[in-house]
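Written out below as structure tokens is the structure these notes cover.
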Amino acid sequence: MKKYIGTKMLQATPMSIGDYNKYRGWTIPSNENPNDEGYLVEYEDGYQSWSPKEVFEKAYKECNGMVFGIAVELLKNGFKVARAGWNGKGMFIYYVPGARYEACTDIGASIADEENKVAYEPYLAIKNVKGTVSTWVPSINDCLAEDWNIVD
């Protein structure tokens with residue numbers, strides 16, 4: 001078998017397997033301990049399931065206090081993220097996919113294609129305190145931080 005790793009957004013709440021079976025209107029199988037701890041899990045498409053506590057807690061982390069690698073995956077999937085210390089300042093970063101933009105300088109025009117457009121690679125942008133946007137490159141402190149959060 002091949003190994004896989006996934007990144008997905010979901011909602012969950014602690015719930016025993018017995019309570020999950022009651023929630024679903026199912027009879028608790030005789031070979032299950034109704035007190036086994038776990039989580040009721042709901043995925044973005046509304047699908048619900050139950051996960052044992054140990055399995056769930058090994059696979060999922062709350063969407064606050066994330067490491068940068070998880071934040072990058074979220075950025076690529078269209079989320080805005082920020083460091084905990086940025087709270088209240090209105091700052092966040094987001095992913096900008098590669099695209100072609102109209103040349104707006106002489107240098108840009110010198111490298112533009114036949115439609116006067118310049119090809120840009122994907123990059124990260126930051127909406128800063130002043131309300132303006134610029135490109136953003138993380139510092140080593142940003143990369144090693146474990147305080148990344150999703151911005152609504």
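Of the candidates ALA99, ALA145, ALA103, the single residue that is within 15 Å of ALA71 (Cβ to Cβ) and of a type in the set (A, V, I, L, M, F, W, C) is ALA145. Every condition in (1) in contact with a Cys (Cβ under 9 Å, 6 or more places away or on another chain); (2) surrounded by 16 or more Cβ atoms within 10 Å (Cβ to Cβ); (3) hydrophobic (A, V, I, L, M, F, W, C) is met by MET9 except one, and the failing one is (2).
Among the residues of region 55-72, those that are without any contact (Cβ under 8 Å) to a residue 24 or more places away in the chain and part of a loop (DSSP other than H, G, I, E, B) comprise LYS61, GLU62. Determine, yes or no, whether ILE93 is closer than 23 Å to GLU62 by Cβ, under 27 Å from the mean Cα position of the chain (by Cα) and among the aliphatic types (A, V, I, L, M). Yes.
Regarding ILE111, is this residue among the β-branched types (Val, Ile, Thr) and modelled with pLDDT of 95 or more? Answer is yes for this residue.
Residues that are under 23 Å from ASN77 (Cα atoms) and acidic (Asp, Glu) were ranked within region 14-61; the one that is modelled with the lowest pLDDT is GLU44. Among the residues making up region 128-144, a single one is touching a Lys or Arg at 6+ places or on another chain (Cβ under 8 Å) and assigned to a strand (DSSP E or B): VAL133. Kindly establish whether GLU102 is of a type in the set (Asp, Glu), farther than 19 Å from SER139 by Cα and out of contact with any Pro (no Cβ under 7 Å at 6 or more places or on another chain). Here the answer is yes, as GLU102 does meet what is asked.
The values are calculated or read from the model by the stated rules, or taken from the named source; none is laboratory data. Small disclaimer: the values here were computed from a predicted structure and weren't measured. Here Cβ is always computed from backbone atoms with ideal geometry, including for glycine, and neighbour counts include all displayed protein chains.
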